[in-house]
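*Asks:* Let me give you the structure first, and then I'll get to my questions.
The values are calculated or read from the model by the stated rules, or taken from the named source; none is laboratory data. Values in this document were obtained by computation on a predicted structure and should not be read as measured data. A quick note on method: Cβ atoms are made from the backbone with ideal geometry, for glycine too, and the neighbour counts reach across all protein chains shown. Each accessible area value is taken on the protein alone, full model and side chains, heavy atoms only, with ligands, DNA and RNA left out. Shrake-Rupley method; radii C 1.70, N 1.55, O 1.52, S 1.80 Å.
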Amino acid sequence: MFKCDYHTHSYFSFDGDPSSSPQALCESAISHGVTDLAITDHFEANYLLDGDTPPYRAKEAHDAISAAKEKYKGRLNLTYGIELGQADQSPDEVKKLFDSHNFEFVIASIHNLRGEKDFYFFDFSNDEIVARIYELFESSIAELCEVIDMPYRIDSVAHLTYMHRYVAMAGKSHDFANHADSLEKLFKKMISNDIALEINVSTLCRGLGFAMPDANILSVYRDCGGRLITVGSDSHSPALVGNCIDKGFELVKHIGLNEILVIRDGERAVIKI
């Protein structure tokens, strides 16, 4: 039986639950039938420079995850990962991180654009903000293209439509598949660099009725030739590890694909579902 969760956060993330130790995440993963787990704590370099978040305790995180890998060896395939936020905005900080730590799995994300606050803080109930959604998402895609062009390992693009969560929570809507030309450019760049697309199921767990990205965008990715998929709960506490992963797998099959990318023994492995 195969079940993975490739987007989780421990208390080494600035927003991780205090109970979310790597060991607690592993225990929860095992109890929920997860066979492959990646701990992908936040590294938001631009936030660090702005002083908005405490520093990422890279060595402590590495040591704790390494200890957990040894403790749960044979019971859980644990991967040492990182969520690289806004890498294009703080390349020097990213270089320092990658020069000192050898991550097994790297997911890239955009939580905020240059000169903008995190989409979490946008008031998407405001019609003036809603009118900017097309422009904001186009800029998000453009920044992701810049991230991919950086000389660092990227394994998967995380929650591509991150702002969709907050648009929906505000009772508004936007068809993100309307960005077909920009999406095709991004997807072809990802495919040529062997970068996977993440299905983030946190929105399904919240009852919003869609994953990030949704089936329409996933179909665009498939039609561009995309085959590499990762699936993650985006859990920030042990209780949510493995949550709704089965729905992510169903979505993979719905768009006509049947493989999931994970890391085993430090190497990429593609597992059929």
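*Asks:* Solvent-accessible area per residue for the range 21-83 at a 1.4 Å probe radius, Å²?
*Replies:* Averaged over the residues of the range 21-83, the accessible area is 43 Å².
*Asks:* Now a separate question. Taking R0 as 45 Å, what FRET efficiency do you get between residue 102 and residue 170 from their Cβ-Cβ distance, rounded to the nearest 0.05?
*Replies:* 0.65
*Asks:* Then there's this: Share of the range 134-249's accessible area from carbon and sulfur, percent, 1.4 Å?
*Replies:* Answer for the range 134-249 is 46 percent, counting heavy atoms of protein chains only.
*Asks:* Count the net charge of all other residues whose Cβ sits under 13 Å from the Cβ of residue 72, scoring Lys and Arg as +1 and Asp and Glu as -1.
*Replies:* For residues surrounding residue 72, the net value is +1.
*Asks:* Report, in debye and to the nearest 20, how large the dipole of the range 42-160 comes out about its Cα centre when Lys and Arg carry +1 and Asp and Glu carry -1 on their Cβ.
*Replies:* So the magnitude is around 860 debye.
*Asks:* Separate question: Just from its helices, what would the mean residue ellipticity at 222 nm be for the chain, if runs of 4 or more DSSP H residues each count -39500 (n - 2.57) and the sum is divided by every residue, rounded to the nearest 500 deg cm²/dmol?
*Replies:* So the calculated ellipticity at 222 nm is -11000 deg cm²/dmol.
*Asks:* Just checking the chain: which Cys have no other cysteine's beta-carbon under 4.7 Å?
*Replies:* 4, 26, 145, 224
*Asks:* Starting from the residue with the highest accessible area, list 253, 247 in decreasing order, probe 1.4 Å.
*Replies:* Reading off the accessible areas and sorting them downward yields 253, 247.
*Asks:* To the nearest 20 debye, what is the magnitude of the charge dipole of the chain about its Cα centre, counting +1 on the Cβ of each Lys and Arg and -1 on the Cβ of each Asp and Glu?
*Replies:* 920
*Asks:* Shifting gears a bit: Using just the Cα positions, wrap the range 143-273 in a convex hull and report its mean projected area in square nanometres, one decimal place.
*Replies:* Seen from a random direction, the Cα hull of the range 143-273 projects 8.5 nm² on average.
*Asks:* With unit charges on the beta carbon (Lys/Arg positive, Asp/Glu negative), name the residue among 112, 136, 230 whose Cα is farthest towards the positive pole of the charge dipole of the chain.
*Replies:* So the residue we want is 230.
*Asks:* Now, a different point. Please compute the net charge surrounding residue 204, taking Lys and Arg as +1 and Asp and Glu as -1 over other residues with Cβ under 12 Å from its Cβ.
*Replies:* -1
*Asks:* My understanding is that a pair violates if its Cα-Cα distance is over 22 Å; which of 3/188; 3/253; 117/172 do that in this structure?
*Replies:* Pairs exceeding 22 Å: 3/188.
*Asks:* Under a crude label model (7 Å from the Cα following the beta-carbon direction), how far is residue 126 from residue 31 in nanometres?
*Replies:* For residue 126 paired with residue 31, the spin-label model returns 4.2 nm.
*Asks:* Something else about it: What FRET efficiency comes out for residue 59 versus residue 19 if R0 is 25 angstrom and r is the Cβ-Cβ distance? Round to the nearest 0.05.
*Replies:* Step by step, r from the Cβ atoms, then E = 0.70.
*Asks:* Using Cα springs under 10 Å in a Gaussian network model of the chain, which residue among 16, 232, 81 shows the largest mean-square fluctuation?
*Replies:* It is 16.
*Asks:* Something else: Let's see if you can work this out: charge +1 on each Lys and Arg Cβ, -1 on each Asp and Glu Cβ, no other charges. What is the dipole magnitude of the range 110-168 about its Cα centre, in debye to the nearest 20?
*Replies:* In debye, rounded to 20, the range 110-168 gives about 180.
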